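Beneath this line is the structure, given in structure tokens, with notes to follow.
We did not get these values from a lab; they are worked out from the coordinates using the rules stated. Predicted model only: the values in this text are computed from it and were never measured. With ideal geometry, Cβ positions are generated from the backbone for all residues, glycine too; neighbour counts draw on all protein chains shown.
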Amino acid sequence: MSIFKKIFKGNTLYYPGCLSKFVAKELVENYRRILREAGVDFIELSDLEVCCGSPALKAGYGDDFKKLAEKNLQVFKDHSVGRIVTHCPACFMIFKKEYPKVLGDKWDIVVEHATEVLNKKIKKLESRKGDVTYHDPCHLGRQMGVYEPPREIIKSLGYEIKEMDLVGKESFCCGGGGGVQSNESELADKIAKDRIAMAKKTGAKILVTPCPLCYMHLKKNAEGEDIDVKELSHLM
């Protein structure tokens with residue numbers, strides 16, 4: 001990287017993603033506070049950035065996806081963004097894996113999931129708080145290979161993880177992504193209930209996941225069940 005880029009492209013952007021920004025707004029507040037307390041200096045461009053393009057890409061609208069990518073890139077360049085931190089696994093995957101495919105060498109921004117950043121910052125607590133079970137989001141796990149940072153954070157917070165039968169590369173989907181919830185709602189709910197049954201089998205009373213979509217879909221389907229679904233920021 002040139003000296004010019006080091007000087008004029010040094011901002012870290014916190015990008016919450018559409019689902020959190022417009023629906024699960026408490027997660028945005030959580031991560032803002034957590035990142036600040038962890039000493040992460042960041043900017044926000046909420047009124048300027050557009051959707052990362054994940055829904056368009058998955059629906060087969062490649063041209064529209066590229067236009068969104070180009071629009072975001074211009075906004076990021078205009079504000080000297082050199083790094084993006086997001087807590088949304090889908091946005092994380094799109095920025096890190098798909099933007100380089102459509103933008104080529106023009107895309108030179110470092111992209112990190114919030115758990116990768118915070119795992120380096122959080123100090124281990126000595127007190128034990130209890131047991132939780134952990135759900136691997138598809139985009140964060142199988143797509144991007146991020147399995148340990150979220151688990152390390154949970155352990156650092158004093159919790160013991162009771163793993164479900166299907167985790168890591170073999171993790172069971174929550175049922176909420178990929179358009180299933182929108183097009184096959186009964187199937188999506190059945191998948192979520194099956195996952196909740198796996199979580200309850202561990203004996204843990206808390207099911208935690210670092211994905212807004214997984215969190216909202218599992219929480220909706222856990223109503224009346226003896227398990228509390230939380231997004232990772234709720235523990236932090």
Task: Calculated from backbone phi, Karplus (6.51, -1.76, 1.60) coupling profile of the stretch 87-93 in Hz, x at Gly/Pro - done: 9, 8, x, 5, 4, 4, 5
Open item on the list: Between the stretch 124-185 and the stretch 192-227, how far is it from one alpha carbon centroid to the other, in angstrom?
Closed with: 11 Å
Task: Per-peptide average of other Cβ atoms within 10 Å, ordering 199-207, 158-166 highest first - done: 199-207, 158-166
TODO: Could you run the Karplus curve 6.51 cos²θ - 1.76 cosθ + 1.60 with θ = phi - 60° over the stretch 230-236 and give me ³J(HN,Hα) per residue in whole Hz, x for Gly and Pro?
DONE: 10, 7, 3, 5, 5, 6, 6
TODO: Would you please give the residues with an amide H less than 5 Å from that of residue 52, counting only those at least 5 places away or on a separate chain, with H modeled from the backbone geometry?
DONE: 18
Task: residue 143 paired with residue 131, simple spin-label distance in nm, labels 7 Å along Cα-to-beta-carbon - done: 3.2 nm
Task: Estimated inter-spin distance, residue 106 and residue 80, nm [label 7 Å along Cα→Cβ] - done: 2.3 nm
- [ ] Please go through the stretch 19-73 and write out the chymotrypsin sites (Phe, Trp or Tyr not before Pro) that DSSP classes as loop and that have at most 10 other C-beta atoms within 10 Å.
- [x] none
Task: Formal net charge of residues neighbouring residue 142 (Cβ-Cβ distance under 13 Å; K, R +1; D, E -1) - done: 0
Task: HN-Hα J in Hz across the stretch 68-82 - Karplus 6.51, -1.76, 1.60, θ = phi - 60°, x for Gly and Pro - done: 5, 4, 5, 5, 5, 4, 5, 4, 5, 5, 4, 10, 6, 7, x
TODO: Search the structure for amide H atoms under 5 Å from the amide H of residue 230, placed 1.01 Å from N in the peptide plane, and list their residues when 5 or more places away or on another chain.
DONE: 207, 208, 209
- [ ] Quick one: which residues, 5 or more positions from residue 111 or on another chain, have an amide H under 5 Å from its amide H? H modelled 1.01 Å from N in the peptide plane, none for Pro or chain starts.
- [x] 84
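Which loop-located trypsin sites (Lys or Arg not before Pro) does the stretch 127-159 contain, where loop means any DSSP state but H, G, I, E or B and the Cβ has at most 14 other Cβ atoms within 10 Å?
Working: sites: 128, 129, 142, 151, 155; in loops: 128, 129.
Within the stretch 127-159, the qualifying trypsin sites (Lys or Arg not before Pro) (loop, at most 14 other Cβ atoms within 10 Å) are 128, 129.
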Task: Shape call, the stretch 92-236: gyration tensor on alpha carbons, a/c limit 1.5 - done: oblate
TODO: Return the distance in nm (one decimal) between the two label points of a simple spin-label model at residue 220 and residue 47, each offset 7 Å from Cα along Cα→Cβ.
DONE: 3.1 nm
- [ ] For the chain, calculate the relative contact order in percent as a whole number, restricting contacts to Cα pairs under 8 Å that are 6 or more residues apart.
- [x] 18 percent
